[in-house]
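Trainee: The structure is given below, and queries will be raised subsequently.
The values are calculated or read from the model by the stated rules, or taken from the named source; none is laboratory data. Model, not experiment: these values are computed from the prediction. Because the Cβ atoms are built from the backbone with ideal geometry, glycine has one as well, and the counts that use them run over all protein chains shown.
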Amino acid sequence: MDTRLPEKPAEPAVTPMMAQYIEIKAANPDCLLFYRMGDFYEMFFDDAEVASRALGITLTKRGKHQGDDIPMCGVPVHAADQYLQKLIALGHRVAVCEQTEDPAEARKRGGKAVVRRDVIRLVTPGTITEDSLLSPGRNNYLAAVSRRRGRTGDGDIFGLAWIDISTGEFRVGESDAARLAADLARIEPREVLVGEPVFADPALNAFWRGLPMAVTPLSPAFFEGATAETRLADYFAVKTLDGFGSFSRAELSAAAAGLAYVEKTQIGERPPLMPPARETADGVMLIDAATRTNLELTATLSGERRGSLIAAIDRTATGAGARLLARRLAGPSTDPNVIVERLDAIGWMLDDAGLTQAVREDLASAPDLARALSRLTLNRGGPRDLAAIRDGLDAAARIAARLGSGAQPAAIAAAAKSLATAPHGLADALRAALADDLPHLKRDGGFVRDGYRAELDEVRRLRDESRRVIAGLQADYAAETDIRSLKVRHNNVLGYFIEVGANHAERLMAAPLNGRFIHRQTMANAVRFTTTELADLEAKIAGAGERALAIELAVFDELADAVELVSAAIRDAADALAVLDVAAGLAVLAEAEGYCRPVVENSLAFAVAGGRHPVVERALRHESQSFVANDCTLGPEDAGDAGHIWLVTGPNMAGKSTFLRQNALIAILAQIGSYVPARSARIGIVDRLFSRVGAADDLARGRSTFMVEMVETAAILNQAGPRSLVILDEIGRGTATFDGLSIAWAAIEHLHEVNRSRALFATHYHELTALAERLARLRNVTVRVTEWQGEVIFLHEIAPGAADRSYGIQVAKLAGLPAAVVARAREVLDQLEETDRKSPVHAMIDDLPLFSAARSPDPAASPSDPLGEMVDAIQPDEVTPREALEALYRLKTARADRRK
Ligand code: ADP
């Protein structure tokens, strides 16, 4: 964002208001300033230009500054949320500046005095709480990333803290350079905070800029390690953090930075957060960003939720349930105990479909407790948030009664207990206080029930009585003036007034009536008057209205305080509702889609019988087609220490990708503690899931398809281990045949010998099937097709063996390639196959020595390569252009020397 500010004015040509604006803007240089003027938030100077472009609103001008027009644009206060949403979505940050005194007060200080204004809040992507700005089923995380430099030899450590102020969640963890991207992809924060030096570090700058979320560099003071612990303890009003568990220095620094930023954006308000919970890296399945995208876990490759895994499995009834499911899906567990507990809960729900249905109906009526609670404690809540607490607690009471306390799996029993012990008395108190129809904003009044507070009833009675008297006045005045069309009306500018048609006006303005009727306003067709009587009544009504509102606001604060007092118990209840919602939703899914309960254990097993793809299956059903279920066995049958690799061949469109993905998805579903689309499944915990599926250009970041493919493949070969599951689809497609074949070849050997992971490898290079002869744990399978009258028919069935050929030409024909092209292609293919027969790949295999890359030394490190060493010593990011040139000369000389 361009945040250039006009120079502070030297001459007093600036109006006092502009001077105030410039001062406030100077204190918030990195935000668009929403400057409150009457019913509008106005923006000036560069802000106005940026906002008018972003929002598509008219740019006007207001007055002059140093001789130039001041650009200005504005948004109405009542519609501000919708504009905020747009700006935030575009990655802007907004400082909301309100009037902090009554304009009447300012006038008292003299004609030129400006109304006092202050920024009351910074709105940034990671710190919003309004329902209209949040999506109900998604967490809105703010993440802070701290860095602790590793000592020479070991790498840097990153501390992570992520906070959702709309729900109170607060988690911390550690990461390292290799997995930072994967961790951020899992957390999916809306905004990432990082210290300026870390942001600017040449080794990381491109990484931050490439992140798909807003990244906010902060002064290093936010991450200050020495005071981090005190700052945390202070926030939670505890003496020491011991009660919360132990945290590393990197975690503390990130957590303190996150909290400081929350306080900064909320201008001192402290949203009630849960104490930081530590998430260890080995507790969740690591899924890197590319794998998440490739497997379309939360969005399809084209960015939509429809067609993603989450859309296929989410049957939750509440926003909180949807958020919990999304969180589990983002980080599947690696702890069989946790997983079994979740599976038990689903099983219990499946055993009593009637109860599950009833619980789901109760859940559907439960508002979002966590978010209402957060708004109330941030002083940003309204009467409807109080009602949400009431209704949420009522739903909790109903569900607690339904669940009872019989023999229940641990997760259900814990939830039932939280619900039973929720502060139900508070719901009764809220019921007694709140009216049936509630306004959106507390300042609109009218939300306290009649009979709740005697004082309020009394003021309201006075007000209503005056209104009744006014209603009676119309008839009196009509009779008195003999103008039957006379009306008593009300508007916001004049208040109450008497209106007559223009033709009658003269009568009222002449004696004797003009003694009583005082002229106020002449319109085109009507003239307006008042009387002292009317003015008195009006003053009474206004006075009563003000008193009533003051009483109501006081009641609101009492109720909000009562809510805050038991916020921890409310949050427990909210969590319990979410846990039940997810279990019930997954039970309904399992029942409706015929999923089975997987066995999840600490082993290297991977045995799926009759597995299906959860998304493709649904899509096919819509077209009245059925999905062909397939088995997959990758575990070491004989208790060995490494998994099998299945090499999947078959023509295009046979179903290779589908098969690969479905097995990865089944592993994920099993580890989030869900039933899975299969007849049976036994899954040994997968610690890391890698996939390289399909080919997508990443032109925005200047990488070709092939480069993306190689970067992802490199990540897999460098990181996968025996407990990992690897899905590789069509490696080497993006380059020439022999290049591609060779890379795929070497990758399989590496996976088999070095990574030793359970893996599925799909390829159209049939030549690779020959590798099964040499690699003990490599199995060839193929997706069966058959030919009928020259057409290829896909059976989508996985069977042992290798595809006999690729059927590329048949598939091309199916796609509608012109007949002449198809015929010519057949001729060319015959020729090529003839040549290949003369030097078959099998012969080549026998000539190749066994794979030995793991054992051979890195050629670059060999001392017999001084030129290589010189190149390695150059740090391109750190040299000046001149040093770079000198280095080039040195290299040329060294090379010339060697030639001599
Ligand atoms: P490939 O990777 O071999 O080119 P895909 O996995 O993309 O093939 O599958 C192509 C299409 O075949 C899918 O879009 C789907 O409609 C269908 N298909 C794949 N697997 C199955 C299956 N097991 N049962 C039924 N249809 C399938």
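Trainee: When you go through 587, 592, 609 one by one, which is the residue that is farther than 21 Å from residue 334 by Cβ, touching a Cys at 6+ places or on another chain (Cβ under 9 Å) and away from the ligand (no atom under 11 Å from the Cβ)?
Mentor: On the way: 587 fails: touching a Cys at 6+ places or on another chain (Cβ under 9 Å); 592 fails: touching a Cys at 6+ places or on another chain (Cβ under 9 Å).
Just one listed residue meets the conditions, 609.
Trainee: Could you tell me which residue of the stretch 617-649 is surrounded by the fewest Cβ atoms within 10 Å (Cβ to Cβ), considering only residues that are charged (D, E, K, R) and within 11 Å of the ligand (Cβ to nearest atom)?
Mentor: Here is the first cut: in the stretch 617-649, the ones charged (D, E, K, R) are 617-618, 621, 623, 631, 637-638, 641.
From what's left, within 11 Å of the ligand (Cβ to nearest atom): 617, 621, 623.
On the way: 617: 20, 621: 12, 623: 6.
In this case the residue turns out to be 623.
Trainee: Then there is this: Scan the stretch 11-66 for residues that are among the aromatic types (Phe, Trp, Tyr) and under 18 Å from residue 91 (Cβ atoms) and jot them down.
Mentor: Residues of the stretch 11-66 among the aromatic types (Phe, Trp, Tyr): 21, 34-35, 40-41, 44-45.
34, the sole residue that qualifies.
Trainee: Can you find a residue in the stretch 324-331 that is more than 16 Å from the chain's Cα centre (by Cα), modelled with pLDDT of 90 or more and either assigned to a helix (DSSP H, G or I) or not aromatic (Phe, Trp, Tyr) (or both)? Outline the logic, then answer.
Mentor: Step one: filter the stretch 324-331 for residues more than 16 Å from the chain's Cα centre (by Cα), giving none.
Checking the stretch 324-331: not a single residue is more than 16 Å from the chain's Cα centre (by Cα), modelled with pLDDT of 90 or more and either assigned to a helix (DSSP H, G or I) or not aromatic (Phe, Trp, Tyr) (or both).
Trainee: Give all pairs with beta carbons closer than 6 Å in which a residue from the stretch 791-819 that is under 24 Å from residue 629 (Cβ atoms) meets a residue that is away from the ligand (no atom under 11 Å from the Cβ) and among the hydrophobic types (A, V, I, L, M, F, W, C); count only pairs at least 6 apart in sequence or on separate chains.
Mentor: Close Cβ pairs (under 6 Å, with a partner that is away from the ligand (no atom under 11 Å from the Cβ) and among the hydrophobic types (A, V, I, L, M, F, W, C)) amount to 798/781; 800/781; 807/792.
Trainee: Would you be able to say whether some residue in the stretch 650-665 is touching a Lys or Arg at 6+ places or on another chain (Cβ under 9 Å), within 15 Å of the ligand (Cβ to nearest atom), more than 30 Å from residue 810 (Cβ to Cβ) and assigned to a helix (DSSP H, G or I)?
Mentor: Looking through the stretch 650-665, none of the residues is touching a Lys or Arg at 6+ places or on another chain (Cβ under 9 Å), within 15 Å of the ligand (Cβ to nearest atom), more than 30 Å from residue 810 (Cβ to Cβ) and assigned to a helix (DSSP H, G or I).
Trainee: Quick one: in the stretch 751-770, which of the residues that are under 20 Å from residue 833 (Cα atoms) and not β-branched (Val, Ile, Thr) is nearest to the ligand (Cβ to nearest atom)? Can you show your working first?
Mentor: Restricting attention to the stretch 751-770, the residues satisfying the condition of being under 20 Å from residue 833 (Cα atoms) are 763-770.
From what is left, the residues that are not β-branched (Val, Ile, Thr) are 764-768, 770.
Details: 764: 9, 765: 14, 766: 14, 767: 18, 768: 15, 770: 20 Å.
Within the stretch 751-770, the match that is nearest to the ligand (Cβ to nearest atom) is 764.
Trainee: Please state which one of 332, 367 is in contact with a strand residue (DSSP E or B) (Cβ under 7 Å, 6 or more places away or on another chain) and over 17 Å from residue 589 (Cα atoms). Spell out how you get there, then give the answer.
Mentor: Details: 367 fails: in contact with a strand residue (DSSP E or B) (Cβ under 7 Å, 6 or more places away or on another chain).
Unique residue meeting the criteria: 332.
Trainee: Same structure again: Kindly indicate whether residue 669 is assigned to a helix (DSSP H, G or I), more than 16 Å from the ligand (Cβ to nearest atom), at pLDDT 95 or above and of a type outside the set (Ser, Thr, Tyr).
Mentor: Details: assigned to a helix (DSSP H, G or I): yes; more than 16 Å from the ligand (Cβ to nearest atom): yes; at pLDDT 95 or above: yes; of a type outside the set (Ser, Thr, Tyr): yes.
Considered against the rule, which asks whether it is assigned to a helix (DSSP H, G or I), more than 16 Å from the ligand (Cβ to nearest atom), at pLDDT 95 or above and of a type outside the set (Ser, Thr, Tyr), residue 669 comes out as yes.
Trainee: I need the helices (runs of 4 or more DSSP H) fully contained in the stretch 165-243, keeping only those with at least 2 residues that are among the β-branched types (Val, Ile, Thr). Steps first, answer last, please.
Mentor: Working: elements: 180-187, 196-200, 202-210, 225-235.
Ranges flagged: 225-235.
Trainee: For the stretch 244-257, what are the residues that are assigned to a helix (DSSP H, G or I) and within 19 Å of residue 156 (Cβ to Cβ)?
Mentor: 249, 250, 251, 252, 253, 254, 255, 256, 257 - these are the residues of the stretch 244-257 that are assigned to a helix (DSSP H, G or I) and within 19 Å of residue 156 (Cβ to Cβ).
Trainee: Does residue 17 fit the bill of being at negative phi, modelled with pLDDT under 90 and not in a loop (DSSP other than H, G, I, E, B)?
Mentor: Numbers: at negative phi: yes; modelled with pLDDT under 90: yes; not in a loop (DSSP other than H, G, I, E, B): yes.
Yes: the conditions hold for residue 17.
Trainee: Still on this model: Please determine, by comparing only the residues of the stretch 20-46 that are in a helix (DSSP H, G or I), of a type outside the set (S, T, N, Q) and touching a residue at least 40 places away in the same chain (Cβ under 8 Å), which one is farthest from residue 106 (Cα to Cα). Even if it seems obvious, please write down each step before you answer.
Mentor: Of the residues in the stretch 20-46, the ones in a helix (DSSP H, G or I) are 20-27, 45-46.
After this cut, where a residue has to be of a type outside the set (S, T, N, Q) as well, the list is 21-27, 45-46.
Okay, now just the ones that are also touching a residue at least 40 places away in the same chain (Cβ under 8 Å), so 24, 27, 45-46.
Numbers: 24: 18, 27: 22, 45: 25, 46: 28 Å.
Only one residue fits best here, namely 46.
Trainee: Among the numbered criteria (1) buried (at least 17 other Cβ atoms within 10 Å of the Cβ); (2) of a type outside the set (Ser, Thr, Tyr); (3) touching a Lys or Arg at 6+ places or on another chain (Cβ under 9 Å), which one does residue 192 miss?
Mentor: Result: residue 192 passes all but (3).
Trainee: Same structure, new question: With assigned to a strand (DSSP E or B) and either of a type in the set (A, V, I, L, M, F, W, C) or in contact with a Ser or Thr (Cβ under 7 Å, 6 or more places away or on another chain) (or both) as the only criterion, which of 50, 75 stands out? Even if it seems obvious, please write down each step before you answer.
Mentor: Values: 50 fails: assigned to a strand (DSSP E or B).
75 is the lone residue from the list that is assigned to a strand (DSSP E or B) and either of a type in the set (A, V, I, L, M, F, W, C) or in contact with a Ser or Thr (Cβ under 7 Å, 6 or more places away or on another chain) (or both).
Trainee: Another question about this same structure. Could you check residue 311 against (1) crowded, with 22+ Cβ neighbours inside 10 Å; (2) among the hydrophobic types (A, V, I, L, M, F, W, C); (3) under 30 Å from residue 711 (Cα atoms) and say which number it fails?
Mentor: All conditions pass for residue 311, except number (1).
Trainee: Next question. Restricting to the stretch 756-779, and then to whatever is in a loop (DSSP other than H, G, I, E, B) and more than 23 Å from residue 637 (Cβ to Cβ), can you tell me which residue is modelled with the highest pLDDT?
Mentor: Taking the stretch 756-779 as the starting set, the residues that turn out to be in a loop (DSSP other than H, G, I, E, B) are 756-757, 763-765, 774-777.
Filter once more, so that each one left must be more than 23 Å from residue 637 (Cβ to Cβ): 763-765.
Working: 763: 88, 764: 80, 765: 83.
Applying the filter and picking the extreme gives 763.
Trainee: Sort out which residues of the stretch 780-811 are away from the ligand (no atom under 11 Å from the Cβ), hydroxyl-bearing (Ser, Thr, Tyr) and not in a strand (DSSP E or B), and write them in order of number.
Mentor: Hits for the stretch 780-811: nothing passes.
Trainee: So, one more: Select from the stretch 104-149 the residues that are farther than 15 Å from residue 81 by Cβ and among the basic types (Lys, Arg) and list them in ascending order.
Mentor: Hits for the stretch 104-149 are 107, 108, 109, 112, 116, 117, 138, 147, 148, 149.
Trainee: Another one. What helices (runs of 4 or more DSSP H) completely inside the stretch 512-628 contain at least 1 residues that are closer than 30 Å to residue 657 by Cα? Lay out the reasoning, then the answer.
Mentor: On the way: elements: 532-565, 567-593, 614-622.
Where helices (runs of 4 or more DSSP H) fall fully within the stretch 512-628 and carry at least 1 residues being closer than 30 Å to residue 657 by Cα, they are 567-593, 614-622.
Trainee: Another question, if that's okay. Considering 438, 430, 456, which residue is assigned to a helix (DSSP H, G or I) and either within 27 Å of residue 362 (Cα to Cα) or among the acidic types (Asp, Glu) (or both)?
Mentor: Values: 438 fails: assigned to a helix (DSSP H, G or I); 456 fails: either within 27 Å of residue 362 (Cα to Cα) or among the acidic types (Asp, Glu) (or both).
That would be 430, the only listed residue that is assigned to a helix (DSSP H, G or I) and either within 27 Å of residue 362 (Cα to Cα) or among the acidic types (Asp, Glu) (or both).
Trainee: Of the residues in the stretch 282-299, how many are surrounded by fewer than 16 Cβ atoms within 10 Å (Cβ to Cβ) and in contact with a helix residue (DSSP H, G or I) (Cβ under 9 Å, 6 or more places away or on another chain)?
Mentor: So the answer is 1.
Trainee: Oh, and also: Cβ-Cβ under 8 Å, sequence separation 6+ or interchain: first residue in the stretch 416-441 and basic (Lys, Arg), partner surrounded by fewer than 17 Cβ atoms within 10 Å (Cβ to Cβ) and assigned to a helix (DSSP H, G or I). Which pairs?
Mentor: Going by the 8 Å Cβ cut-off, there are no qualifying pairs.
Trainee: Still on this model: Would you say residue 772 is in contact with a strand residue (DSSP E or B) (Cβ under 6 Å, 6 or more places away or on another chain), farther than 30 Å from residue 817 by Cα and in contact (Cβ under 8 Å) with a residue 12 or more places away in the chain? Can you show your working first?
Mentor: Working: in contact with a strand residue (DSSP E or B) (Cβ under 6 Å, 6 or more places away or on another chain): yes; farther than 30 Å from residue 817 by Cα: yes; in contact (Cβ under 8 Å) with a residue 12 or more places away in the chain: yes.
Yes.
Trainee: Going by the structure shown, is residue 600 in contact (Cβ under 8 Å) with a residue 12 or more places away in the chain, under 30 Å from the mean Cα position of the chain (by Cα) and away from the ligand (no atom under 16 Å from the Cβ)?
Mentor: On the way: in contact (Cβ under 8 Å) with a residue 12 or more places away in the chain: yes; under 30 Å from the mean Cα position of the chain (by Cα): yes; away from the ligand (no atom under 16 Å from the Cβ): yes.
Here the answer is yes, as residue 600 does meet what is asked.
Trainee: Which residue pairs have Cβ atoms under 8 Å apart, sit 6 or more places apart or on different chains, and have a first residue in the stretch 614-639 that is farther than 16 Å from residue 592 by Cα and a second that is surrounded by 19 or more Cβ atoms within 10 Å (Cβ to Cβ) and of a type in the set (Phe, Trp, Tyr)?
Mentor: These pairs meet every condition: 630/659; 632/606; 632/646; 632/659; 633/606; 634/606; 634/646; 635/606.
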